[in-house]
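Right, one structure below, let's go through it.
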Amino acid sequence: MSAHPPRDPRYAAQLARDAARTDAPPVLLPYQSQWIEDRSPLKIAEKSRRVGLTWAEAADDALIAASSRGSNVFYISNTQDMALEYIEACAMWARAYHYAASEIGEGIFEDIDTDGETRHIKTYRIDFPGSGRRIVGLSSAPRNLRGKQGVIVLDEAAFADSLPALLKAAMAMLLWGDRVRIISTHNGAGSAFDELIQEVRAGKRKGSVHRITFRDAVEQGLYQRVCLRRGIPWSQADEERWVEDAYSYYRDDAAEELDVIPSQSGGAYFTIAQIEARMSPDTPLVRGAWPPEFAYQHTVTRHALIEAWCEEHLAEPLRRLDPNRAHALGGDFGRLRDLTVFDVLEEEPNLVNRVMLQVELSNCPFASQEQILYYILDRMPRRRGVALDATGLGAHLSELAAQRYGASVEQVKLNDAFYLLHFPRLKAAFEDATLDSIPRHIETRDDLRAIRVINGVPKLPSAPTQRADGPKLQRHGDSAIALLLAHYAMKHEHTPIEFQALGVERAGRSLGDYLGEAA
């Protein structure tokens, strides 16, 4: 099921002819083109087996080495076969581009290990006489790249003997304007490769990450390209059988090898130690619960009771907010089974985001949730951002808030893409101690512990949290999602809000408008 072209110079000529035809399919599939078009100094691909990404990388590298303003390219793999296959692909692309290049040659790369001993690594290389550059394929991971300059390509990096040491050597290339490309399938959760990806997603290391699953590649034309290469007709039925066969070959390993899910995933995303280290007993945790009949009381009565509840429980914590510091709020909405939770963050001068208030509402009518949210937002100085869950029940309330407060309120559609990007950043804040003072409470801790890695994505399981003895709790990781959204709101770029409502309009409406409603 290789997506690589056959080692035949006639294929290069066919590629060149196809590229010149306006009716021919693109030579590169969309995910291959996106990889090449990404000019990030450091870019990483977590990918399925045999989707042709190394072949696409060779297409880019041949152009780089052939250009007068290009660079040398050093390709590092685990085996001689991989290095030779890559070099042959580079030679094929050079012929397709009509660039003069030498025949593939062999050589020796001298590497100095950590004990100072010299070892010799077999290399394959192509020289480009027009540019004076070369592409070198190395069949092992050299630790010593001193004195070398160029683009570094690390293939199947997750299986390198010491990826951290190799990265340390490769990063020097970035200082002179070259690039580092890292391509690999996964080798278990928590591996150096997996940790590198999490660092980039968390923003702790600059770079970009491309995630290419087997099904993504097939959807974008991988099997059609295989048919084209093999000279056989394509059909939807044959493609489905081909995909089914691929999964049957890998069986239990398919999740990691094809679906880009590191093995041994599924455990708690946050450790107890990580969570409790960021907790404080001094952070107010305000909880409100209402009986079912409360929703059907007279509008004026219900509004007055909620106003009194806010004054009793929320006024003092909100008065403690520093008017000279930025604040953000995250909100996750529920109604009957799930809680509504609001988290208020304050940014300190040292850039630590401190939880100043957590509010949990149980069985609270929608109109009352809206009233409580406005009570908080009207008293939050220097609102940097507000992020509200706009999926399901939250769509209506988040829209009302956006209409009232404008661009500072973001209606967030929670999905796997959002979780995949922002949960690593939240976790990094736990690890770096740039997020602090989460309310010290067992249920708040358990909400965070409920986050799991599911199909490679940190998120909540679909089932509500359960006690060990079986009965369901009336919560579903609600405070974890509110905290995620609050952290996102604080870090996301928003237009500053110069005007802050003082609540005068709200107070003026509280009787006249509501009496009109009741009538």
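The values are calculated or read from the model by the stated rules, or taken from the named source; none is laboratory data. Quantities reported herein were computed from a predicted structural model and do not represent experimental measurements. Neighbour counts run over all protein chains shown; Cβ positions are idealised from the backbone, glycine included. We work out accessible area using only protein heavy atoms, side chains counted, and drop any ligands, DNA or RNA first. Shrake-Rupley method; radii C 1.70, N 1.55, O 1.52, S 1.80 Å.
Against the conditions (1) touching a residue at least 24 places away in the same chain (Cβ under 8 Å); (2) of a type in the set (Asp, Glu); (3) more than 16 Å from ASN353 (Cα to Cα), ASP252 satisfies every one except (1). Residues in region 270-279 that are open to solvent by 20 Å² or more (accessible area, probe 1.4 Å) and either assigned to a loop (DSSP other than H, G, I, E, B) or of a type in the set (Gly, Ala, Ser) (or both): THR271, ALA273, ALA277, ARG278.
Is it fair to say ASN415 is on the phi > 0 side of the Ramachandran plot and among the polar types (S, T, N, Q)? No: the conditions fail for ASN415.
Looking across ARG287, ARG229, one residue alone is open to solvent by 40 Å² or more (accessible area, probe 1.4 Å) and either modelled with pLDDT under 90 or part of a helix (DSSP H, G or I) (or both). It is ARG229. ALA100: modelled with pLDDT under 90 and of a type outside the set (D, E, K, R), yes or no? Yes: the conditions hold for ALA100. Taking every residue in region 417-436 that is acidic (Asp, Glu) and pairing it with any residue that is assigned to a helix (DSSP H, G or I) and open to solvent by 30 Å² or more (accessible area, probe 1.4 Å), at least 6 positions away or on another chain, the pairs with Cβ-Cβ distances below 8 Å are GLU431/GLN274. Checked against the criteria, LEU420 counts as surrounded by fewer than 19 Cβ atoms within 10 Å (Cβ to Cβ), of a type outside the set (Gly, Ala, Ser), modelled with pLDDT under 95 and in a helix (DSSP H, G or I).
Provide a single number: the residues in region 454-502 that are open to solvent by 20 Å² or more (accessible area, probe 1.4 Å), at pLDDT 85 or above and not in a loop (DSSP other than H, G, I, E, B).
Of the residues in region 454-502, 3 are open to solvent by 20 Å² or more (accessible area, probe 1.4 Å), at pLDDT 85 or above and not in a loop (DSSP other than H, G, I, E, B).
On the stretch given as region 105-147, residues that are modelled with pLDDT of 75 or more and part of a loop (DSSP other than H, G, I, E, B) total 5. In the set (1) surrounded by fewer than 19 Cβ atoms within 10 Å (Cβ to Cβ); (2) modelled with pLDDT of 95 or more, ILE372 fails one condition alone, (1).
Screening the candidates TYR86, TYR99 for the property of being open to solvent by 50 Å² or more (accessible area, probe 1.4 Å) and under 23 Å from ASP178 (Cα atoms) yields one hit, TYR99.
Residue under question is GLU307, and the condition is that it be farther than 24 Å from ASP343 by Cβ and surrounded by fewer than 18 Cβ atoms within 10 Å (Cβ to Cβ); does it hold? Taking the combined requirement at face value, the residue does not satisfy it. The number of residues in region 170-202 that are surrounded by 21 or more Cβ atoms within 10 Å (Cβ to Cβ) and in contact with a Phe, Trp or Tyr (Cβ under 6 Å, 6 or more places away or on another chain) comes to 1. One residue stands out among those in region 394-414 that are open to solvent by 50 Å² or more (accessible area, probe 1.4 Å) and without any contact (Cβ under 8 Å) to a residue 24 or more places away in the chain: the one that is nearest to the chain's Cα centre (by Cα), which is LYS413. Taken as a whole, the condition of being surrounded by fewer than 20 Cβ atoms within 10 Å (Cβ to Cβ) and either in contact (Cβ under 8 Å) with a residue 12 or more places away in the chain or touching a Phe, Trp or Tyr at 6+ places or on another chain (Cβ under 9 Å) (or both) applies to TYR247. Scanning region 148-169 for residues being within 20 Å of ALA65 (Cβ to Cβ), within 22 Å of the chain's Cα centre (by Cα) and either surrounded by fewer than 23 Cβ atoms within 10 Å (Cβ to Cβ) or modelled with pLDDT under 85 (or both) gives a total of 0. Can you tell me which residue in region 438-449 is farthest from the chain's Cα centre (by Cα), limited to those that are surrounded by 21 or more Cβ atoms within 10 Å (Cβ to Cβ) and either modelled with pLDDT of 95 or more or among the charged types (D, E, K, R) (or both)? Filtering region 438-449 for residues that are surrounded by 21 or more Cβ atoms within 10 Å (Cβ to Cβ) and either modelled with pLDDT of 95 or more or among the charged types (D, E, K, R) (or both), the one farthest from the chain's Cα centre (by Cα) comes out as PRO439.
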